[in-house]
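Shown next, in structure tokens, is the structure this report addresses.
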2 protein chains.
Amino acid sequence: MNIENSKAQMKKGILEYCILSIISRGEVYASDIIDELKNSKMIVVEGTLYPLLTRLKNDELLSYQWIESKSGPPRKYFQLTKEGKKILKELEETWNELVQAVKYTTTQSNKK
Amino acid sequence: MNIENSKAQMKKGILEYCILSIISRGEVYASDIIDELKNSKMIVVEGTLYPLLTRLKNDELLSYQWIESKSGPPRKYFQLTKEGKKILKELEETWNELVQAVKYTTTQSNKK
DNA sequence: TTTAGTACTTTGTATTGCATAGTACAAAAT
DNA sequence: ATTTTGTACTATGCAATACAAAGTACTAAA
């Protein structure tokens, strides 16, 4: 029984919501996203983030453009599409429902 | 982009915590657990629950005993082991941390 | 020119929720 | 007595995604 694995499993499905949320606040590129997640105590690694961004792009929730960097290779800046904004709202709803359901499940005192 | 799939993905890793929590309140068998989850708006199916219960038993977080039923086949009643109680506390902590992290990620207003 | 740092891509693995098929037991129906 | 129905559990294959690791590409510094 590995608590770190439980953490990773709990993260599944939630990162999508978090990442769309970060991008909804303005154009960012991958390292920005990793930094923001880190700030929020949510550690995500490249092997997760890049494929996830690609999936979101393929699902047409994101669009991107290449922008030259001042001090290194070019960067891919992402924005939400119209569809992306819509799905973000749905994911927010879904997450809130899940939080309520877990709360209810774990604090219920009578089985009835 | 399928919101139902997002729901299922979000559930991954969380069910463990919910199920241990339900069992912590007293001996129950599988259908009891499904009912309680349903009451809490968390739908889980047999194909998920049974293997999960088996995993938890194999990890020594649960023990069980067969009890004859009044009106059907015998039932497997589960209880938490000492280890199970300990892990439940850790999962509770882990979940709360995750909820905080998501909240922080999705409501942060300045990138800094 | 080579090295180091940054950014992105690809692929394979492990894990788990779901769908489905099947077995087993007991009570009800035939 | 036998068959059907309802309940309970087992097993297996699939889909999806977080993570680890290997690799490519670009730019600035050494």
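Simple point charges give the picture: +1 on the Cβ of Lys and Arg, -1 on the Cβ of Asp and Glu, and for chain B a dipole about the Cα centre of about 360 debye.
What part of the accessible area of chain A, given as a whole %, is carbon or sulfur when the probe is 1.4 angstrom? Mind showing how you got there, number by number?
On the way: 3100 of 6570 Å².
On chain A, the fraction of accessible area on carbon and sulfur atoms equals 47 percent.
Using R0 = 35 Å, the C-beta based FRET efficiency linking residue A:86 and residue A:107 works out to 0.60. Distances, shortest first, from the label point of residue B:108 to those at the same position in the other copies read 3.5 nm; the point lies 7 Å along Cα to C-beta.
Listed cross-link partners A:38/A:86; A:57/B:85; A:41/A:85 are compared with a 32 Å cut-off, the Cα-Cα value being larger for A:57/B:85. Rolling a 1.4 angstrom probe over the protein heavy atoms with all chains in place gives the stretch A:3-107 an accessible area of 55 Å² per residue.
Quick one, could you list the DSSP H helices from chain A stretching 27 Å or more along their long axis (Cα atoms) with average Kyte-Doolittle hydropathy of -1.0 or above?
Working: long enough: A:82-107 (38 Å, -0.90).
Long hydrophobic helices here: A:82-107.
The listed residues A:10, B:1, once ranked by accessible area (1.4 Å probe) with the largest placed first, stand as B:1, A:10.
For the options B:65, B:79, B:100, a Gaussian network treatment of chain B with springs between C-alpha atoms closer than 10 Å singles out B:100 as fluctuating the most. Across peptide A:2-13, the mean count of Cβ atoms from other chains lying within 10 Å of each residue's own Cβ comes to 6.
Chains A and B together bury some 3900 Å² of accessible area, summed over both sides, with a 1.4 Å probe. Which one of A:42, A:26, A:100 has its Cα pushed farthest toward the positive end of the charge dipole of chain A, where Lys and Arg give +1 and Asp and Glu give -1 at the Cβ? Going by the charge dipole, the pick is A:100. Annotation: residue B:32 carries an accessible surface of approximately 50 Å², with a 1.4 Å probe and no ligand, DNA or RNA atoms counted. For the stretch A:3-107, the relative contact order is 27 percent, taking Cα pairs closer than 8 Å that sit 6 or more residues apart in sequence and dividing their mean separation by the residue count.
Taking a ≥ b ≥ c as the square roots of the Cα gyration tensor eigenvalues, chain A comes out prolate, since a/c reaches at least 1.5 and a/b is larger than b/c. Of the trypsin sites (Lys or Arg not before Pro) found in the stretch B:1-74, those in coil by DSSP whose Cβ has at most 14 other Cβ atoms within 10 Å are B:25, B:41, B:70.
The values are calculated or read from the model by the stated rules, or taken from the named source; none is laboratory data. What you see is a predicted model, and the numbers here were worked out from it, not measured in a lab. Every residue, glycine as well, gets a Cβ built from its backbone with ideal geometry; the counts of neighbours run over all protein chains shown. Note: areas computed on protein heavy atoms with side chains; ligands, DNA, RNA excluded. Shrake-Rupley method; radii C 1.70, N 1.55, O 1.52, S 1.80 Å.
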